[in-house]
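For reference, the structure discussed in these notes is given below.
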Protein chains: 2
Amino acid sequence: MTALTLAKPDDLERLSRLVADCQTEQGLTQSEAERQAALAPLLEGAPHGAIYLIGPARAPIGYVAVSFGWSLALGGLDAVIDDLYIRASVRGRGIGAEILGSLPRALSAAGLKALHVRVDPDDSATLEFYTKALFSHNARPLLLTRRLRPPI
Amino acid sequence: MTALTLAKPDDLERLSRLVADCQTEQGLTQSEAERQAALAPLLEGAPHGAIYLIGPARAPIGYVAVSFGWSLALGGLDAVIDDLYIRASVRGRGIGAEILGSLPRALSAAGLKALHVRVDPDDSATLEFYTKALFSHNARPLLLTRRLRPPI
């Protein structure tokens, strides 16, 4: 069974390399300093999210980052999968599907009410990956975003 | 200008009445005990969300509930509008649009990177309401959810 280990401050550098690989695949560009600034608070225990290393904690083969939130309708904590990344060299072995079994169990045991993920509705492979893992949608809610800029 | 006031523990009962009205309009059923259990942690300062009363704090005409999260790509805190509710008797006066101006300013000043909202893509009136307030979407991400059940 593939281990999931909560990432700690000591994991920052090896985790940042994996996140950089994930971002390169997604076409995102973030400097090493920006990336570490985004990761460090979560590793230090900020309540807004958590990152789990996949596989051996000293030589992880991927990670899953979740962001925690609060839903009035669900009556408590929920979470969104922000990233689920598996190294390209070990894909296709069912590791992602295994994580989508163990992660909900762990979050459920911690009292969370629901786990969400955002998927491009045209990406049928990713949709199938998540629907096989018991994710579903009712009303096809679309996510709109307003970027915020700090006041000048 | 319509006031936005952070709801505190003393506001629980009057806020719960507004949330009940909102849920009735949405066809949601939640008992008074469940509703208060979902609201109380946020009023007591839980870091996962906040609720702002709209209008006079002692006689609010609505509320907006936001859930906080963490985005690696955005490099920090973001928020999702969980509910934005204005009493039916005072709708159509531009109060919601005004709140969609003042709320992002307040969250931006607090260092948040983005504000999101989930909208049914077939609900063109709500889509227009948010796009006028500078919300946009790129890839039409669809939200998939897996409800979590506590272990038996």
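The values are calculated or read from the model by the stated rules, or taken from the named source; none is laboratory data. Worth saying up front: this structure is predicted, and the values here are computed from it rather than measured. Counting neighbours? That spans all protein chains shown, and the Cβs are built from the backbone with ideal geometry, glycine included.
Across the range A:64-78, not a single residue is classified as on the phi > 0 side of the Ramachandran plot and away from chain B (no Cβ under 14 Å).
Checking B:G94, B:G55, B:G49 one by one, the residue that is away from chain A (no Cβ under 14 Å), under 14 Å from B:A7 (Cβ atoms) and not aliphatic (A, V, I, L, M) is B:G55 and no other. Of the candidates B:P141, B:P56, the single residue that is touching a Lys or Arg at 6+ places or on another chain (Cβ under 7 Å) and either under 25 Å from A:F135 (Cα atoms) or not charged (D, E, K, R) (or both) is B:P141. I'd like to check something: does the range A:132-152 contain any residue that is at pLDDT below 90 and more than 9 Å from every other protein chain (Cβ to nearest Cβ)? Yes, the range A:132-152 has at least one match. With respect to the conditions (1) buried (at least 22 other Cβ atoms within 10 Å of the Cβ); (2) in contact (Cβ under 8 Å) with a residue 12 or more places away in the chain; (3) closer than 21 Å to B:S108 by Cα, B:G76 lacks only one, and its number is (1). Residues that are farther than 14 Å from A:L144 by Cα and of a type outside the set (S, T, Y) were ranked within the range B:126-148; the one that is surrounded by the fewest Cβ atoms within 10 Å (Cβ to Cβ) is B:R147. For the range A:1-35, the candidate set comprises residues that are in contact with an Asp or Glu (Cβ under 8 Å, 6 or more places away or on another chain) and at pLDDT 95 or above; within that set, the residue that is farthest from the other protein chains (Cβ to nearest Cβ) is A:P9.
Pick out the one residue from A:R17, A:R35 that is buried (at least 20 other Cβ atoms within 10 Å of the Cβ), free of Cβ contacts under 8 Å to residues at least 24 places away in the same chain and not aromatic (F, W, Y). Outline the logic, then answer.
Details: A:R17 fails: buried (at least 20 other Cβ atoms within 10 Å of the Cβ).
Exactly one residue qualifies, and that residue is A:R35.
Can you find even one residue in the range A:113-128 that is in a loop (DSSP other than H, G, I, E, B), over 20 Å from A:Y63 (Cα atoms) and in contact (Cβ under 8 Å) with a residue 40 or more places away in the chain? Taking every residue of the range A:113-128 in turn, at least one turns out to be in a loop (DSSP other than H, G, I, E, B), over 20 Å from A:Y63 (Cα atoms) and in contact (Cβ under 8 Å) with a residue 40 or more places away in the chain.
Those residues that are in contact (Cβ under 8 Å) with a residue 24 or more places away in the chain and either more than 20 Å from B:P56 (Cα to Cα) or not small (G, A, S) (or both), I need them from the range B:90-103; list them, please. Once the filter is applied, which keeps residues that are in contact (Cβ under 8 Å) with a residue 24 or more places away in the chain and either more than 20 Å from B:P56 (Cα to Cα) or not small (G, A, S) (or both), the range B:90-103 yields B:V90, B:I95, B:E98, B:I99, B:L100, B:L103. Taking the range A:1-109 and the strands (runs of 3 or more DSSP E) fully enclosed by it, the elements with 1 or more residues that are touching a Ser or Thr at 6+ places or on another chain (Cβ under 6 Å) and among the charged types (D, E, K, R) are at A:76-86.
Screening A:A79 on (1) at pLDDT below 90; (2) touching a strand residue (DSSP E or B) at 6+ places or on another chain (Cβ under 7 Å) shows it passes everything except condition (1).
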